[in-house]
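The values are calculated or read from the model by the stated rules, or taken from the named source; none is laboratory data. Given the structure is predicted, the values throughout are model-derived calculations rather than measurements. Cβ: placed from backbone, ideal geometry, glycine included. Neighbour counts: every protein chain shown.
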């Protein structure tokens, strides 16, 4: 079959990536979707069992840092669009191992850019390189109502955010220097189904389920803007198809919460769904030493995306968190396989025999 577009989605077995892959595979049957993932601990092909047998879906296990492999991948599948989500993304891990974050997030992005430049050869008609980044590159905000705009000066404070800031700059440099048709988006904290349980929301849902402590950094005063992952996937679809080349778009939920207030809403919701008496899990809150370089507040101004492309989030947080908690509690087998590591056997058991 001849496809209208051949789209490479990197990190497509991860949390956000799997939602983007699913959306594109189902929405665009005339696109071939190539999902490239290294299958580190955060990559889980069981996130995609519902679409893995679709004719327009292909999975490739590979490392974005290997330039020769990326060039070969572009050639094999005649790639004309890239949606780049592959990244190391956990701040605590970046503090312990910054070199891994520099390698994957910086050098991996650079290898993909170079592969695109080489294979597209200056003929950029119909081509697009879309790089997904984070609001953490902007640093921190005070409690003064200000928000991150696309023009906000970069001020990263962790090895993770520094690596993402560097990759953003490389993407823009390839547009300015070589004319590569790039677009960048910076998003706020995502939540929803299939998120690896090292992250706050799935970790706390699982801990509430098992009656384990809920570790809260400092006093829980840090503020984050939360975005439901399927709304983010819709925004990515829109920016990929309609965003202006060379532009940056901020994606946010207009949905700020103090960590401690978020946790209390999660406790109330989870206890109600589990049939626990109100307040049962309050005692699980445990305050721990604050994270080094912990940014106080993030808030995304997504008005440009709304104004220029018409996007807005579909879910309010209370609705989204209820939907999310119910998903994790109804998919305990998925959570158990992730926490036990059993999910990591799926590739060898399923794909190696094909």
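Of everything in the range 177-200 that is out of contact with any strand residue (DSSP E or B) (no Cβ under 9 Å at 6 or more places or on another chain) and over 28 Å from residue 223 (Cα atoms), the residue that is surrounded by the fewest Cβ atoms within 10 Å (Cβ to Cβ) is 177. When we screen 278, 221, 230 for residues that are within 18 Å of the chain's Cα centre (by Cα) and either modelled with pLDDT under 95 or part of a helix (DSSP H, G or I) (or both), the only hit is 230.
Just a yes or no: is a residue in the range 239-254 surrounded by fewer than 13 Cβ atoms within 10 Å (Cβ to Cβ), touching a helix residue (DSSP H, G or I) at 6+ places or on another chain (Cβ under 7 Å) and part of a helix (DSSP H, G or I)? Yes: one or more hits. Listed conditions (1) modelled with pLDDT under 95; (2) surrounded by fewer than 17 Cβ atoms within 10 Å (Cβ to Cβ); (3) within 20 Å of the chain's Cα centre (by Cα) are all met by residue 288, apart from (3).
Among the residues making up the range 53-92, a single one is free of Cβ contacts under 8 Å to residues at least 24 places away in the same chain and over 27 Å from residue 180 (Cβ atoms): 53. When we screen 333, 318 for residues that are over 30 Å from residue 183 (Cα atoms), out of contact with any strand residue (DSSP E or B) (no Cβ under 7 Å at 6 or more places or on another chain), free of Cβ contacts under 8 Å to residues at least 40 places away in the same chain and surrounded by fewer than 15 Cβ atoms within 10 Å (Cβ to Cβ), the only hit is 333. Only a single criterion out of (1) over 22 Å from residue 11 (Cβ atoms); (2) surrounded by fewer than 20 Cβ atoms within 10 Å (Cβ to Cβ); (3) under 20 Å from the mean Cα position of the chain (by Cα) is not satisfied by residue 148, namely (2). In this structure, residue 311 does not qualify as part of a helix (DSSP H, G or I) and modelled with pLDDT of 95 or more. Within the range 291-308, the only residue that satisfies the criterion of being part of a loop (DSSP other than H, G, I, E, B) and loosely packed, with under 13 Cβ neighbours inside 10 Å is 292. Taking the range 17-31 as the range and being under 21 Å from residue 116 (Cβ atoms) and surrounded by 23 or more Cβ atoms within 10 Å (Cβ to Cβ) as the test, the residues that pass are 17, 20, 21, 24.
Scanning the range 113-147 for residues that are under 22 Å from residue 232 (Cβ atoms), at pLDDT 95 or above and in contact with a helix residue (DSSP H, G or I) (Cβ under 6 Å, 6 or more places away or on another chain) yields 129, 130, 131, 133, 134, 137. Quick check: anything in the range 201-214 more than 20 Å from the chain's Cα centre (by Cα), closer than 30 Å to residue 268 by Cβ and part of a strand (DSSP E or B)? Yes, that holds for at least one residue.
Regarding residue 102, is this residue within 24 Å of residue 190 (Cβ to Cβ), crowded, with 16+ Cβ neighbours inside 10 Å, at pLDDT 95 or above and touching a helix residue (DSSP H, G or I) at 6+ places or on another chain (Cβ under 8 Å)? When the stated conditions are applied, residue 102 passes them. As a summary of the residue check, residue 66 satisfies the conditions (1) modelled with pLDDT under 95; (2) more than 30 Å from residue 153 (Cβ to Cβ) except for the one numbered (1). Can you find a residue in the range 38-46 that is in contact (Cβ under 8 Å) with a residue 60 or more places away in the chain, in a helix (DSSP H, G or I) and crowded, with 16+ Cβ neighbours inside 10 Å? Yes, that holds for at least one residue. Note on the range 1-37: residues that are outside any helix (DSSP H, G or I) and under 22 Å from residue 343 (Cβ atoms) total 11.
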